[in-house]
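The values are calculated or read from the model by the stated rules, or taken from the named source; none is laboratory data. Remember, it's a predicted structure, so these values are computed and weren't measured experimentally. Ideal geometry is used to build each Cβ from the backbone, glycine not excepted, and the neighbour counts take in all protein chains shown. For the accessible areas, the whole protein counts, side chains as well, though only heavy atoms, and no ligand, DNA or RNA atoms are used. Shrake-Rupley method; radii C 1.70, N 1.55, O 1.52, S 1.80 Å.
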Amino acid sequence: MRITLTGATGFLGRQLTEALRGEGHELRILSRRIPGEPGFYAWDPPAGPPPPESLEGAGAVIHLAGEPVAQRWTKAARERIRRSRVDGTRNLVETLSRLAVRPEVLVSASAMGYYGSRGDEVLTEDSPAGRGFLPEVCREWEAAADAAAELGIRVVKLRLGVVLGKGGGALAKMLPAFRAGAGGPLAGGKQWMSWIHVEDAVRLMAWSAGQSSVRGALNAVSPNPIQNKDFTKALGGVLRRPAVFPVPQAALQLLFGEMAEILTGSQRAEPRVALAAGFRFRHEDVVESLRSLLY
Ligand SMILES: NC(=O)c1ccc[n+]([C@@H]2O[C@H](COP(=O)([O-])OP(=O)(O)OC[C@H]3O[C@@H](n4cnc5c(N)ncnc54)[C@H](OP(=O)(O)O)[C@@H]3O)[C@@H](O)[C@H]2O)c1
C-alpha cells in the first residue's frame, strides 16, 4: 500500500518507517527537513496545507508530527505545541478535502494527556477529557483529525501512553540518573503511568490502519499500567542500581515549571478498544519490556 507519513523523522516515526518498509509498503514522507532523498515532501505543519502530490494515491495517512511536549511551557512553547498539532492537523485535512480520491484511513497521534491527571480512576476511550493545557491541546488536536471523518475517511486517534523504546522518548531521559544510581520515585510515586513498548506502539499504528472496524479514539497503552514507585523499582532492578532517591513535587515544579505535570499526572488507562478488536500485545510486562530494551 502507499502510505503517507508525518513525523517520520522522530522517535516513533523512525521505527514505524522501518517496520512499514519491511512490510513492503511504499512510503511518502512529509517533513520540515528534506534530506534530498526521493519520497520526501516539504511541509511545515502550522504554516499551510501540504502539497497534494504527497497524499495523492495514498491508502493510509499516519500523522505523528508535533512540537515536543517535554520542554518548559513558556508562552512561545505552548503556542508551538498547540499550533504544530491543531493547525497542522487542520492543514493536513484541508489537503485531504481537495483530493479527488481520498485515503481510506487517517491514523492521527494523540496522547494520554487528553485525560489530564485522574488519580486511580480506570480510563477507557469513553472517559471524558481532563482540564488544563494538555487536555485542551489534545481535544482540539483530535477534533481537527475528526474533520477528516466528515470527508468519508476512517479516523483513528491513537492516545499514546509513555512509549518505552531505545534512543529516545521518556526512557532516554530517565536513564542517565538511574544508571548513576540517582533514580527514585517522583512526587510520592503514587501516580499511574500508562506505558507501551515501542514495538507494540508501532504494531498498533500499522494494525489500526488495516482494521476497517477500528475507528475513533484508541488507547495506545499496554494492558498493565504501573504506579511511578513500582516503575522506579522495576527500572532500578533491571539496571541493578539503587533507585531510592525520592524527588519531591516542589523540586519538579522548580525544575520544570507547569510541565512537571507530565511527570506527576496520573493516568491509569486500559487499551479497551484494541483488545476488543483482537490486538495482541507482545510486551505486557514492564520488567520484560525494560530488559528487552536495555540488554
Ligand atoms: N514518544 C512518546 O512517548 C509519546 C507519548 C504520547 C504521545 N506522543 C505523540 O506521538 C507523536 C510522535 O512522538 P515522537 O516521540 O516520535 O515525537 P518526536 O520524536 O518529537 O518527533 C515528532 C516529529 O514532529 C515533527 N516536529 C517537531 N517539532 C515540530 C514543530 N514545531 N512543528 C511541526 N512539526 C514538528 C518533526 O518532524 P520533521 O522534523 O521531519 O518535520 C519530528 O520528527 C507526537 O505527536 C507525540 O506528541 C508520543
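Of all residues in region 13-46, which are touching a residue at least 24 places away in the same chain (Cβ under 8 Å) and in contact with a helix residue (DSSP H, G or I) (Cβ under 8 Å, 6 or more places away or on another chain)?
Q15, L16, A19, L20, E23, L27, R28, I29, L30, W43, P45, P46 - these are the residues of region 13-46 that are touching a residue at least 24 places away in the same chain (Cβ under 8 Å) and in contact with a helix residue (DSSP H, G or I) (Cβ under 8 Å, 6 or more places away or on another chain).
Which one of these does S222 not meet: (1) out of contact with any Phe, Trp or Tyr (no Cβ under 7 Å at 6 or more places or on another chain); (2) within 15 Å of the ligand (Cβ to nearest atom); (3) polar (S, T, N, Q)?
Against the list (1) out of contact with any Phe, Trp or Tyr (no Cβ under 7 Å at 6 or more places or on another chain); (2) within 15 Å of the ligand (Cβ to nearest atom); (3) polar (S, T, N, Q), S222 comes up short only on (1).
Tell me, please, whether a residue that is among the small types (G, A, S), under 30 Å from E288 (Cβ atoms) and touching a residue at least 12 places away in the same chain (Cβ under 8 Å) can be found in region 148-165. Steps first, please.
Within region 148-165, the subset among the small types (G, A, S) is 148-149, 152, 161, 165.
From what is left, the residues that are under 30 Å from E288 (Cβ atoms) are 161, 165.
Then drop every residue that is not touching a residue at least 12 places away in the same chain (Cβ under 8 Å), which leaves 161, 165.
Among the residues of region 148-165, at least one is among the small types (G, A, S), under 30 Å from E288 (Cβ atoms) and touching a residue at least 12 places away in the same chain (Cβ under 8 Å), which makes the answer yes.
Please note which strands (runs of 3 or more DSSP E) are completely contained in region 1-71 and include at least 2 residues that are within 12 Å of the ligand (Cβ to nearest atom) and buried (at least 21 other Cβ atoms within 10 Å of the Cβ).
Correct list: 2-6, 26-31, 60-63.
Given region 94-200, what strands (runs of 3 or more DSSP E) lie entirely inside it while holding 1 or more residues that are more than 16 Å from the ligand (Cβ to nearest atom) and either open to solvent by 20 Å² or more (accessible area, probe 1.4 Å) or out of contact with any strand residue (DSSP E or B) (no Cβ under 9 Å at 6 or more places or on another chain) (or both)? Lay out the reasoning, then the answer.
On the way: elements: 105-111, 154-160, 162-164, 195-197.
Hits in region 94-200: none.
Looking at region 274-285, which of its residues are in a helix (DSSP H, G or I) and either modelled with pLDDT under 95 or under 14 Å from A201 (Cα atoms) (or both)? Please lay out each step first, then the result.
Our first condition is that a residue be in a helix (DSSP H, G or I); within region 274-285, this holds for 274-276.
Those that are in a helix (DSSP H, G or I) and either modelled with pLDDT under 95 or under 14 Å from A201 (Cα atoms) (or both): A274, L275.
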